[in-house]
There are 2 protein chains.
Amino acid sequence: MTSLFTAPAPSRSYDPSLAHRRSQTTLTLSDATGAPLADRDVLVRQRDHAFGFGCIGFELIDWINGRSQDAAADAAVAQRWLALFNRATLPFYGGRFEAVRGEPKTAELLAAARWFKDRGIGVKGHPLLWHTLSPPWLMELEVEEIDQALRDRIRREVRDFAGVIDTWDAINEVVIMPVFPVEPNGVTTLARQKGRVAMMRLAFEEARAANPNITLLLNDFDMSTAYECLIEAALEAGIQIDRLGLQSHMHQGTWGEEQTLRVLERFSRYNIPIHFTETTILSGTPVPADISDLNDWQVSPEAWPSTEEGEARQAEEVEAHYRRLLGHPSVESLTYWGLPDKDMWLNAPGGLLRRDGTSKPAYDRLHQLIKGEWWMPETPLRTDEAGRLQFEGFLGDYEVELDGAIAPLTIHAPGAAHLGLRLPLA
Amino acid sequence: MTSLFTAPAPSRSYDPSLAHRRSQTTLTLSDATGAPLADRDVLVRQRDHAFGFGCIGFELIDWINGRSQDAAADAAVAQRWLALFNRATLPFYGGRFEAVRGEPKTAELLAAARWFKDRGIGVKGHPLLWHTLSPPWLMELEVEEIDQALRDRIRREVRDFAGVIDTWDAINEVVIMPVFPVEPNGVTTLARQKGRVAMMRLAFEEARAANPNITLLLNDFDMSTAYECLIEAALEAGIQIDRLGLQSHMHQGTWGEEQTLRVLERFSRYNIPIHFTETTILSGTPVPADISDLNDWQVSPEAWPSTEEGEARQAEEVEAHYRRLLGHPSVESLTYWGLPDKDMWLNAPGGLLRRDGTSKPAYDRLHQLIKGEWWMPETPLRTDEAGRLQFEGFLGDYEVELDGAIAPLTIHAPGAAHLGLRLPLA
């Protein structure tokens, strides 16, 4: 196996101006004959961001499948969701997706994934392999049977969802996988026998064998040198990590600028695009620092409210976190770990909507950034005598409209761009 | 490259009875013709331990080389040293061993290594590659030149010391090597470019190429999952780690039983014999917990005394630590990081001898264990009618004396052993 480790590229450094996210586009419009469309009024509008502004879509699955307890409330959440995000993460925890062996919830998840895809949302499955919430029936199997069951599961999900979900967290939290002390489980048993590298290889190779056009992430919450060592182990073993997943649940306090930039600097050196896969920022009191596993923090929703002061702080921190991550050219996406407080992990007040469905300031602040400061709304422009017009905007998908004819335009690269477009389309 | 990762062997678990360190030997003595030496008085005495009771020998190098400031005091330290230990670690820090490029201190270190070897002490070189105390002149080189200089150095030392030092810490503290923030250095520069696995491969492969019969350690202070990930990376990459080095400097508080046994459990699962390479237990106040790099703790010897209370506690902790480590079958040796307080790293009161050369209680306690409770002094025994005698003792080297003839005997394996010996030797 050839090592995939590469020396750090020197160019990838933090730039809070976000120049690397923007293009100054000169667009020449011509008609079907190739003649310039001079002195014409056109409308230009952004349709999507290249950057992945993601969120989990867990809480919409029941509603999409017609099993909502409160359809009006869920529809309102869905509307807020679609107004802000362009990437969804859907849950494939083994112990829930296939609590009874041989009865996977494929239909229900496929319906949810298609709902998002039909609305232009990229969907990621999370995760193909993890010790937590792994199927309890694995515990009844011998080690080699566990190995085979995990392989079968990975191939099945990747094949069943191909074309709808082609991005997966291949394996989650490998750093602690073989030493996970909280509950006995079959994945930890296997990881201890096979080692961490073999576990990563199992997940990545089975998934890629089932769908060669897949995008696979390695994902972890451990931002210490342990994760660096693990990444280097995978790369040296020839395991192709398409994207590097970094979690940033901040239940015990926000990272702040110094820590965030240090993490970005350390993990960008592998020349693998980074996804911030799981971000939570609370609008209530933090979990005490002496809790080492967040799952140990068992609090009722009533005992852990979203407060006015907390919401103001959350809005500040959310904005700062998004600005910092967009400021690093290696970061491709940022997924927030839950839109509504309702049904949030740990009952934490970490959502962007309150339990009554109203927006917290963080939602509005984020909307102002993603669909405001970083967004080009429909803009009337006029071509010059050569058919040219100019605009500056974030990388992503745009539309140009002229006399009711609409042409799509994707801007991939930052900096000055000279593009041409024919209207109407041939 | 074939992976060297192996599933954990189930048998290696902690046993405070130390049964795995002892043998019940039945020895049949016969004369040169093969006839049993029945009803004879013999003397049996232990000569050495199989277990490596090590200590650094740094402070004896000047004295051995005839450059002592106080020869009587150093001779006394040497005598105390030899009365307790059977393994020496000698310093090969690049920046000191070869502060000026092309002027290595080979002669001086060779003299020191031979002094120990001549006294039956196994010698280890520490380390062949490390970022701290690396040669300052590396900073003037290009990356590929650093790579070559490190390879040349490793081959040179391994060759120059072959037959005298055949055990080496191949590479030290790889977990932090590429992100070591304290001082710019050429090794960190190279590690960042090449990655941790390539650095380990460089050290292990160059050393083994220069001496195929070498014993090589991977050594680290980081007992977190980071070190596990690193070890698994090395094994998957086919790097042969002969012994696993675990440091246990306890300047900020002793580990205690729970932590020690957990470390032993976690690191024994790789089926590689473990050396506790660097142990320090203080007889004074601990370094504050908020100091993350011990080298930042700059205190004069006068400001950091060995106290009576501290010495009593140190003796307890030293005994407990040695008992725990001998209690795990995977541990092969334990090296204490400095006999006298004089010239100790950080000026810490971590030695077993005070600055005035007198023994702390920990020295006496350790002597009582290594050459007392765990040792078989010269013992008069008598063979039975079949020429047999029985004794129980720790694994190691013994002598049997009969009528002035002395025969050596090595006991390798624990449990009941039936051995035969001819006297006098053919």
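The values are calculated or read from the model by the stated rules, or taken from the named source; none is laboratory data. Here the structure is a predicted model, which means the values were calculated and not measured. Glycine gets a Cβ as well: all are built from the backbone with ideal geometry, and neighbour counts include every protein chain shown. Side chains are part of the model used for accessible areas, which takes the heavy atoms of the whole protein and leaves out ligands, DNA and RNA. Shrake-Rupley method; radii C 1.70, N 1.55, O 1.52, S 1.80 Å.
Miscellaneous remarks
- Solvent-accessible surface (1.4 angstrom probe) belonging to B:THR6, in square angstrom, nearest 10: 60
- Rounded to the nearest whole angstrom, the semi-axes of the ellipsoid equivalent to segment B:135-179, taken from the Cα gyration tensor as √(5λ), stand at 22, 15, 8, largest first.
- Simple label model, 7 Å out from Cα along Cβ direction - A:ALA312 to A:ARG382, nm: 4.7
- FRET efficiency estimate (nearest 0.05) - Cβ-Cβ, A:GLU373 to A:GLN79, R0 25 angstrom: 0.70
- For B:GLN390, inter-copy separations between label points set 7 Å beyond Cα along the Cβ vector come to 10.1 nm, shortest first.
- With every protein chain in place, segment A:49-373: carbon and sulfur % of accessible area (1.4 Å): 49
- With each label modelled as a point 7 angstrom along the Cα→C-beta vector, the A:ASN271-B:VAL100 pair spans 4.1 nm.
- Long pairs among B:LYS124/B:LYS194; B:LYS124/B:LYS342; A:LYS105/A:LYS360; A:LYS105/A:LYS371, criterion Cα-Cα beyond 30 Å: A:LYS105/A:LYS360; A:LYS105/A:LYS371
- Per residue value of the accessible surface for the protein assembly as shown (all protein chains in place, 1.4 Å probe), Å²: 41
- Positive-end ranking of B:ILE274, B:PRO329, B:PHE391 along the dipole of segment B:271-426, with charges on Cβ about the Cα centre, is headed by B:PHE391.
- Bridge type composition, chain B - antiparallel percent by DSSP, nearest 5: 40
- Summing charges over all other residues whose Cβ lies under 11 Å from the Cβ of B:GLY372, with Lys and Arg as +1 and Asp and Glu as -1, gives 0.
- Note on the protein assembly as shown: antiparallel DSSP beta bridges, both residues inside, total approximately 40 percent of the bridges counted.
- Computed from Cα atoms alone, the Kirkwood hydrodynamic radius reported for segment B:130-214 is 13.1 Å.
- In the complete set of protein chains, residue-level accessible area for A:HIS418 is approximately 150 Å², probe 1.4 angstrom.
- Where B meets A: accessible area buried, both sides, 1.4 Å probe, Å²: 2300
- Over all directions, the projected convex hull of the C-alpha atoms in chain A averages 22.5 nm² in area.
- The accessible-area ordering, largest first, of the residues B:VAL100, B:VAL77 stands as B:VAL100, B:VAL77, per a 1.4 angstrom probe.
- Excluding exposed DSSP-loop trypsin sites (Lys or Arg not before Pro) (at most 13 other C-beta within 10 Å), longest clean stretch of chain A: A:120-426
- Taking only the C-alpha atoms of segment B:17-116, Rg followed by Dmax gives 21.2, 66 Å.
- Shape of segment A:223-378, Cα gyration tensor, a/c cut at 1.5: oblate
- Overall, the ratio between the Cα radius of gyration of the protein assembly as shown and 2.2 N^0.38 Å, rounded to two decimals, is 1.17.
- Look at the alpha carbon pairs under 8 Å that are at least 6 residues apart: their mean separation over the length of segment A:70-207 gives a relative contact order of 26 percent.
- Rounded to the nearest 20, the size of the Cβ-charge dipole of chain A about its Cα centre is 780 debye, with Lys and Arg at +1 and Asp and Glu at -1.
- Segment B:48-87: relative contact order in percent, alpha carbon pairs under 8 Å with at least 6 residues between: 62
- The value of relative contact order for chain B, using C-alpha pairs under 8 Å at least six residues apart, is 30 percent.
- Here's how it looks for B:THR89: its modeled amide H is under 5 Å from those of B:CYS55, B:ILE56, B:GLY57, B:LYS124, which are all 5 or more places away or on a different chain.
- For A:SER134, distant residues with modelled amide H under 5 Å away: A:GLY95
- Residue-level accessible surface for B:TRP297, protein heavy atoms, 1.4 Å, Å²: 70
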